[in-house]
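See structure below.
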Amino acid sequence: NSGVMSLLRPLLLDVVPTIQQTAALALGRLANYNDALAEAVVKGNILPHLVCSLSEQNRFYKKAAAFVLRAIGKHSPQLAQAIVQCGALEMLVICLEDFDPGVKEAASWAIGYIARHNSELSQAVVDAGAVPLLVLCIQEPEIALKRIAASTLSDISKHSPELAQTVVDAGAIAHLAQMILNPDAKLKRQVLSALSQIAKHSVDLAELVVEAEIFPVVLTCLKDSDEYVKKNGATLIREIAKHTPELSQLIVNAGGVAAVIDCIGSCRGTVRLPGIMMLGYVAAHSENLSMAVIVSKGIPPLCACLVEEHEDHIKAAAAWALGQVGRHTPEHARAVAVANVLPMLLALYMDTHSSEDLQMKASIFTKRALKNILQKCTYLPALEPLLHDAPPNIMKHIVGQFSKVLPHDSKARRLFVTTGGLKKIQEIKAEPGSLLQEYINTINNCYPEEIVR
């Protein structure tokens, strides 16, 4: 408000280098504060000065100038676009070849903030020739430079298969895979994130990541003391598992399912989410893979998530995963039902305390999970308690299962009367001619009339 911007601008061209650097730093800190100030820097015609000095000044100035560009570029795609348009990107790429690691780091950071917004800006970074130089940066000895370069490669890869492919073509995967065992937690976070962003797009890219022999090494990350390393490790495994049964099988063979189950059991909150999703994806592919999740004792920790977690989206993910485990055969459904999952899912479905939007999503996932398991579940003791609480749209699936089993099982028929199940069936109000009414008639036809009365 005091007009500082216009006073700082001429100082960028001062004859004393330290004044130039300090002016640039001041601008960077202003621009970093919020997008309105960053826009003021752009409108104040300061970028051309910076770009022009980037090529010829010393390393301290280059770092300060890169900091200003990063501070402007982080706020919005429009501001990042302004940096690209004034030709700063080419200058930043030249800085990636500087002999000073601090300059490389500052340039890499600024480039990452430009690339992260969208695929067009990311493509501009690729076209400027940044990717091969970033791959060289992750091979430098300085940890801080490795971290930022890995993070920038992750930001470039995330938008599309084509952009991820350019990172792969530059040979990034092999170098990233070697750093999974690096003792530095922050570096590991970025490396796992970059590999996940590459693997998520397609089967081919996921296979290239797997071929870099990340298994079983990556499983050690699930036991890491750093929460984000755990989360990013589980995310990487999830992004590989989701593509095909073969890739999931490979993870099972490497001991990945057991490791993810341990990880879910040992942590809380959003760190659990990628692991929960990964188990759901693995179980969804086939009966055998689902059985692998059951045999590895995956159901109890998923149930624990339904009980312990407060966030709707985590509960919904756990419900979805349990639905994927139980949907294949009566044997799968029984394994889930015996763990007392059905009443929990029903309670979650009926629980209307949560917010509308999440409630919608959570209830769709939960309903689908209930339906998937119920349609295969022939284990009647688990179904019976639900007869007393379920809403009509769920009730028809429960009664449907009884109508399939009771006609062929005399012991179950006797039990159904003594536990009060048959009495409960008579209390259900069904529309004449509806599917529910048909199921009820089938059940009643199993018994002599006087018992039904």
Item to complete: Scan segment 42-65 and report the pairs whose first residue is under 17 Å from T22 (Cα atoms) and whose second residue is acidic (D, E) and part of a helix (DSSP H, G or I), with Cβ atoms within less than 9 Å and a gap of 6+ or a chain change.
Response: V51/E90; K63/E105
Worksheet, complete the sentence: Heads up, the helices (runs of 4 or more DSSP H) in segment 364-440 (entirely inside) with at least 1 residues that are among the aliphatic types (A, V, I, L, M), farther than 24 Å from T329 by Cβ and open to solvent by 20 Å² or more (accessible area, probe 1.4 Å) are 410-418
Worksheet, complete the sentence: Output for Cβ contacts, cut-off 6 Å, separation at least six or different chains, first residue in contact (Cβ under 8 Å) with a residue 12 or more places away in the chain in segment 246-265, second of a type in the set (A, V, I, L, M) and surrounded by fewer than 18 Cβ atoms within 10 Å (Cβ to Cβ), reads none
Worksheet item: So A23 fits all but one of (1) over 26 Å from E142 (Cβ atoms); (2) open to solvent by 20 Å² or more (accessible area, probe 1.4 Å); (3) in contact with a Leu (Cβ under 6 Å, 6 or more places away or on another chain); what number is the exception?
Response: (2)
Fill in: Matching option when the condition is in contact with an Asp or Glu (Cβ under 6 Å, 6 or more places away or on another chain) and not charged (D, E, K, R), among G400, G421
G421
Worksheet entry | Considering residues of segment 43-59 that are over 12 Å from C95 (Cα atoms) and open to solvent by 50 Å² or more (accessible area, probe 1.4 Å) only, the residue modelled with the lowest pLDDT | C52
Worksheet item: In segment 185-288, which helices (runs of 4 or more DSSP H) lie fully inside it and hold 1 or more residues that are open to solvent by 10 Å² or more (accessible area, probe 1.4 Å) and under 24 Å from C137 (Cβ atoms)?
Response: 185-199, 203-211, 227-241
Fill in: The listed residue being basic (K, R), touching a Pro at 6+ places or on another chain (Cβ under 8 Å) and either at pLDDT 90 or above or at negative phi (or both), out of K371, K376, K361, K315
K376
Worksheet item: What do you reckon, is Y113 closer than 30 Å to E239 by Cα and among the aromatic types (F, W, Y)?
Response: yes
Worksheet entry | Scan of segment 1-41 for residues that are outside any helix (DSSP H, G or I) and free of Cβ contacts under 8 Å to residues at least 40 places away in the same chain, ordered by number | N1, S2, G3, D14, V15, V16
Fill in: Top-ranked residue of segment 97-155 - restricted to ones that are among the hydrophobic types (A, V, I, L, M, F, W, C) and assigned to a loop (DSSP other than H, G, I, E, B), ranked as most open to solvent (accessible area, probe 1.4 Å)
F99
Discussion item. Just the residues that are open to solvent by less than 50 Å² (accessible area, probe 1.4 Å) and part of a helix (DSSP H, G or I), please, taken from segment 156-178.
Written reply: I156, S157, L163, A164, T166, V167, V168, A172, I173, L176, A177
Item to complete: Please name all residue pairs, on different chains or six or more residues apart, with Cβ atoms under 6 Å, provided the first residue is in segment 154-176 and is on the phi < 0 side of the Ramachandran plot and the second residue is of a type outside the set (D, E, K, R) and not in a helix (DSSP H, G or I).
Response: P161/H201; P161/S202; A164/H201; I173/A212; A174/A212; H175/I138; H175/Q139
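The values are calculated or read from the model by the stated rules, or taken from the named source; none is laboratory data. For clarity, every value in this text was computed on a predicted model and none was experimentally measured. Cβ atoms come from the backbone with ideal geometry, glycine included; neighbour counts cover every protein chain shown. We work out accessible area using only protein heavy atoms, side chains counted, and drop any ligands, DNA or RNA first. Shrake-Rupley method; radii C 1.70, N 1.55, O 1.52, S 1.80 Å.
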